[in-house]
Amino acid sequence: MRLPREVVNLMDSKHCKKLCSTSAKPKLDTASKLIMPELSAASKSASPEPCLEPKSASLEPNAAAPTLGYVHSIDTCGMVDGPGIRYLVFLSGCKLKCKYCHNPDTQRFNTGTIMTVNEIVKDIKLYRSYLKFSGGGVTVTGGDPLAQPAFLEALLVKCKEEGFHTAIDTAGYATASVVGRVLAHTDLVLLDIKSINAKTYKYVTNVSLDPTLDTLRISQKMGVDVWVRFVLVPGLTDDVSDMYKMAEFLAPFDNVTKIDVIPFHKTGEYKWRDLNLDYELWDTPAPSQELLSLAQGILAK
Ligand code: SF4
């Protein structure tokens, strides 16, 4: 039986991550060298050149070694990215380029710590009791976890084998076959829909909206629950008619059990400066409470 749909506003972990997880570097750096000496060689052979963007925002997966992945950071106590307490794995890389991204550092491919699935799951198991007790589990986020699809799939398979509830936090930008393979091992999708307006979506993200909506359709077909996430940015995603269209579009999806309205905020802006990137939203304010309430009201319909 489906849970009733909720509409809430919150700061998701991506948006508050630096506030709560500056210590959330992968804790296994040292262990990885000791436990998995072959990783050193793998690290050396991996591309040494961090890149902010892939050569093209292709939907095709990079089928590198599936049990090795680039991990940006880990947080063992996520509270909003799925039910209960979440073990959060932030994978590096994202094919989108959102104008309001609060973690542009996570967009970079081939950066972070190279880790194996077994290393991560070994660490997750240390937290099994409180993850289980809270009704929580594992959420793989990023960046966008679908940017490392083979590794993501392998990690989810292993988590399910260990009996953990699994969630992915994604913009859904991948081929249908990749999405199908990943969702076969996923209990919940936290799906970021930046706008239902294709033009606005492209303007905000630099990629097409279609794969995101296809991911939603595939989730429904496969019976996977979805929490939709919508970031409300004044002057960018706050068109009232678009919000009504999104509500209308989402209404038939009985697998969408929650809609999170996430207010744009300013706390991650310094990273754009630190990374020497062009940032267009310096003068954009956080949404007013009135605007937030309006968005909530529309999306609740
Ligand atoms: S989907 Fe957008 S907001 Fe999320 S990591 Fe990628 S660029 Fe940033």
Stretch gain in nm, segment ALA176-ASN118, where the contour uses 0.36 nm per residue and the Cα spacing is subtracted = 18.2 nm
Mean 1/r over distinct Cα pairs of segment 72-170, inverted to a Kirkwood Rh in Å, yields 13.5 Å
Report, by chain and number, residues whose modeled amide H sits under 5 Å from the one on LEU88, excluding near sequence neighbours (fewer than 5 apart, same chain).
-> ASP75, THR76, CYS77, GLY78, THR139
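Fully extended, how many nm does the chain gain between SER208 and LYS97 (0.36 nm per residue separation, minus their Cα-Cα distance)?
38.8 nm
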Rounded to one decimal in nm, the spacing of the 7 Å Cα→Cβ label points at TYR270 and PHE249 is 3.6 nm
Tell me, TRP272, TRP227, TRP282 in order of fewest to most beta-carbon neighbours within 10 Å?
-> TRP282, TRP272, TRP227
Any chance you could list P(r) for segment 177-264, counting all Cα-Cα pairs in 10 angstrom bins from zero, rounded to whole %?
-> 17, 51, 28, 4
Describe numerically, in nm with one decimal, the distance between label points set 7 Å from Cα along Cα→Cβ at TYR130 and at SER288.
-> 4.1 nm
Given a Förster radius of 22 Å and the C-beta distance between THR67 and ALA184 as r, what FRET efficiency does 1/(1 + (r/R0)^6) yield to the nearest 0.05?
-> 0.80
Residue by residue through segment 84-99, which ³J(HN,Hα) values in whole Hz follow from phi under the Karplus form 6.51 cos²θ - 1.76 cosθ + 1.60 (θ = phi - 60°), with glycine and proline marked x?
-> x, 7, 10, 8, 9, 10, 9, 8, 7, x, 7, 8, 8, 9, 5, 5
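Bear in mind that the values in this text are calculations on the coordinates, not laboratory data. Keep in mind the model is a prediction, meaning the values are calculated, not measured. Cβ: placed from backbone, ideal geometry, glycine included. Neighbour counts: every protein chain shown.
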